[in-house]
Amino acid sequence: MSELPQLDCKKTKEKIIEFIKTKMSEANAEGLVVGLSGGIDSTLSAFLATEAVGKENVFGVSMPSTTTPTEDKVHGTDLANILGIEYREIGIDSILNEYLTLTNYITYNDPLAIGNLKARIRMSIIYYYANAKNYMVIGTGNRSELLIGYFTKYGDGACDIEPIGDLYKLQVRELAKYMNVPSEIIEKPPRAGLWDNQTDEDEIGMKYEVLDNLLYLYVDKKEDISKIAENLNISVEEVERIIKKVKINAHKTRIPESPKRCDL
């Protein structure tokens, strides 16, 4: 049984578009840069950006690697053409390999570290274009990912504004349907493509239909663990596993902390 409230797509879209316009005006920015991964989050973000500031003021960057599914490469390019935005496709394997050679990756051959490095390489490219064009970087993270820390700190988590950051993954799907995002993008399994055969739900260990409702009950409704487990028909241990992710990854969405000065 779903606990998430029904999303008012019309009002949500209008609010996000107004938010984008306001933040751009405050920063005196001339446009927006978005990374085009071919997934639903980046696609929806690109749709919203284009509607907010016009296609002539949105720049897309597709940055595939050998572990990027072919379907995602095609969807990223197709999206830019559908929206009529300027875009570049830049393969990152040569940059990644240079990093790995210089850092003696054979000694530290950690797949997660390599996957995170890919995300940080991509973000450095995105910010290069943003700086060069006086554009802002539009983030593509949703509330589900942000709460459990399912993103790379200073990688895909780095951005100037996060327009869909308060929408759970299921709500992202609702808004994407409302905005006529291609159904093949909405329906394919969410994946970051940081290594072969990776999918979000396998890595998280839970379907978004369960995760979103769990997070909503815990974070928004402040329900106790046993009641959440009962409502969602899962074990208390599973609820605790997700709550642990929320707690230990909270630092990833905060400004780095400093101790107070002694004179205060």
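Quick notes
- Segment 230-264: GluC sites (Glu not before Pro) in DSSP coil with no more than 16 other Cβ atoms inside 10 Å: 257
- Nearest-0.05 FRET efficiency for residue 3 and residue 99, computed from C-beta distance (R0 35 Å): 0.20
- Largest accessible area first, the listed residues 150, 128 line up as 128, 150 when surface is computed with a 1.4 Å probe on the assembled protein chains.
- Label-point gap, in nm, between residue 253 and residue 179 - each point 7 angstrom along Cα→Cβ: 1.9 nm
- For segment 9-195, with all protein chains in place and a probe radius of 1.4 Å, 51% of the accessible heavy-atom surface sits on carbon or sulfur.
- Inter-site label distance for residue 236 and residue 219 at 7 Å from Cα along Cβ, in nm: 2.4 nm
- Between residue 227 and residue 15, the FRET efficiency estimated from the beta carbon spacing at R0 = 35 angstrom works out to 0.70.
- Which listed pairs, of 169/252; 222/245; 11/73; 169/221; 73/252; 15/73, have C-alpha distances above 22 Å, in listed order: 11/73; 73/252; 15/73
- Given their separation in residues at 0.36 nm each and the Cα-Cα distance between them, residue 106 and residue 82 gain 4.5 nm when the chain is fully extended.
- Accessible area (Å², per residue) of segment 54-180, counting only protein heavy atoms and a probe of 1.4 Å: 47 Å²
- Available extension along the chain between residue 154 and residue 55 is 33.0 nm, counting 0.36 nm per residue and deducting the alpha carbon span.
The values are calculated or read from the model by the stated rules, or taken from the named source; none is laboratory data. Owing to the predicted nature of the structure, the values given are computational and were not obtained by experimental measurement. Cβ atoms come from the backbone with ideal geometry, glycine included; neighbour counts cover every protein chain shown. The protein model used for the area step is the full one, side chains on, heavy atoms only, and it has no ligands, DNA or RNA in it. Shrake-Rupley method; radii C 1.70, N 1.55, O 1.52, S 1.80 Å.
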